[in-house]
Structure formats: structure tokens, C-alpha cells
1. What ranking do LEU51, LEU86, LEU7 get, fewest neighbouring Cβ atoms within 10 angstrom at the top?
2. If the label point is 7 Å along Cα→Cβ of TYR15, which residues in region 40-73 have backbone nitrogen under 18 Å from it?
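Taken together, the values in this text are just the output of simple stated rules run on the coordinates, not laboratory data. Remember, predicted model here, so these are calculated numbers, not experimental data. Cβ placement follows ideal geometry from the backbone for every residue including glycine, while neighbour counts extend to all protein chains displayed.
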Amino acid sequence: MRIVIVLHGSRDPDYINSVKRFAEGVGISYAFISYSKPSINDVAGDIYIPLFVGYGKDYERAVSITGFEAPPLLRWPHVGDFLLSLGPGYMYFMGRMTRDSLMI
């Protein structure tokens, strides 16, 4: 069975390389909704799992395309606390991110 994680995508080569290393390390494939290759339309798989930090239009698009709704990472136990522990300047989020949006 071929599992494909579906992510937002980025133009940042470090991000793309980190996704590639992660996917190879756990023995899965990966695809992106936007900005990056391989596109979700270019990767064959049996199960496609959207892996997003939060809800948004790209998350909804990924769920629509894959037919699978994995909760965004911010809904997983302790992920919000972990992200807050990284401190300011460590991560960049698209859209508006507040302490309340990290709370479950």
C-alpha cells in the first residue's frame, strides 16, 4: 500500500528538502497542493493523507481531492504548546496566527 502525505507546498528549497527527507525516512511518498513539485496530480498512491498545520482553503482543497480528513496538526494533543515553545522568529505561518489559534 502506497501512502502519500499531502502538504501545502512552498517555494523554499529547504522546506521541500525537509519534506523529502522525512518522507524517505518513514517510507512514504509526498505531494503538494501548491507552489511545489511533485503536485498531488503527479503522485500515484493508495491513501492520500492531508498534513496541514491548521484549517484553511488549501486544507479544504486537499480534503476534497483526497477524500480523507486528517485533523490539522493544531488539533493534535500538545502540538500548539510545542509550537509556542519554539519562540518568536522560529516559524513563519501564512495568514493570521495568534496564541488563541494555537489553543485546542
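1. Listed from fewest to most nearby Cβ atoms, that is LEU86, LEU51, LEU7.
2. 40-41, 50-63, 72-73
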